[in-house]
Amino acid sequence: MLLEKPIIHRDVKSSNILLTEGFRAKVADFGFARIGSTDPGQSEIQTDVKGTAGYVDPEYLRTNYLTVKSDVFSYGILLLEILSGRRPIEVNRGGREKITVR
């Protein structure tokens with residue numbers, strides 16, 4: 001059995017999702033991506049934080065430990081952006097409205 005190592009994108013956001021002519025979504029820009037471990041005992045990687053403000057997993061931001069769950073968090077923020085029509089952080093909005101999710 002071939003074990004594939006997970007790819008952790010680290011920058012899942014709306015501008016990194018491209019659509020084909022048939023409206024099929026493709027993830028792009030793997031410049032910050034890291035290869036994860038297949039070892040169940042090592043589910044995290046210690047690394048410098050990379051990604052876009054508002055999409056970065058707060059646990060990764062706080063601890064510098066990256067897991068595949070970090071991309072799941074970013075995907076959730078992306079879905080919220082699609083549903084609400086608002087980016088997670090918009091500097092043009094005033095006061096508390098700058099940040100969509102707290």
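Tell me which residues, restricted to region 19-32, are in contact with an Asp or Glu (Cβ under 9 Å, 6 or more places away or on another chain) and within 19 Å of ARG87 (Cβ to Cβ).
The answer is ASP29, PHE32.
Quick one: in region 1-14, of everything that is in contact (Cβ under 8 Å) with a residue 12 or more places away in the chain and loosely packed, with under 13 Cβ neighbours inside 10 Å, which residue is farthest from ARG87 (Cα to Cα)?
Here the answer is LEU3.
Quick one: in region 69-102, of everything that is at pLDDT below 90 and assigned to a helix (DSSP H, G or I), which residue is farthest from ALA25 (Cα to Cα)?
GLY95
Please pick out the residue among ASP71, ASP57 that is under 13 Å from VAL12 (Cα atoms), touching a His at 6+ places or on another chain (Cβ under 9 Å), crowded, with 16+ Cβ neighbours inside 10 Å and not small (Gly, Ala, Ser).
ASP71
Does region 33-44 contain any residue that is among the hydrophobic types (A, V, I, L, M, F, W, C), buried (at least 17 other Cβ atoms within 10 Å of the Cβ) and within 15 Å of the chain's Cα centre (by Cα)?
Checking region 33-44: not a single residue is among the hydrophobic types (A, V, I, L, M, F, W, C), buried (at least 17 other Cβ atoms within 10 Å of the Cβ) and within 15 Å of the chain's Cα centre (by Cα).
Hey, among TYR60, TYR55, which residue is modelled with pLDDT of 90 or more and not in a loop (DSSP other than H, G, I, E, B)?
Just one listed residue meets the conditions, TYR60.
The values are calculated or read from the model by the stated rules, or taken from the named source; none is laboratory data. The structure displayed is predicted, hence computed values, not measured ones. When we count neighbours, we look across all protein chains shown, and the Cβ atoms used for this are built from the backbone with ideal geometry, even at glycine.
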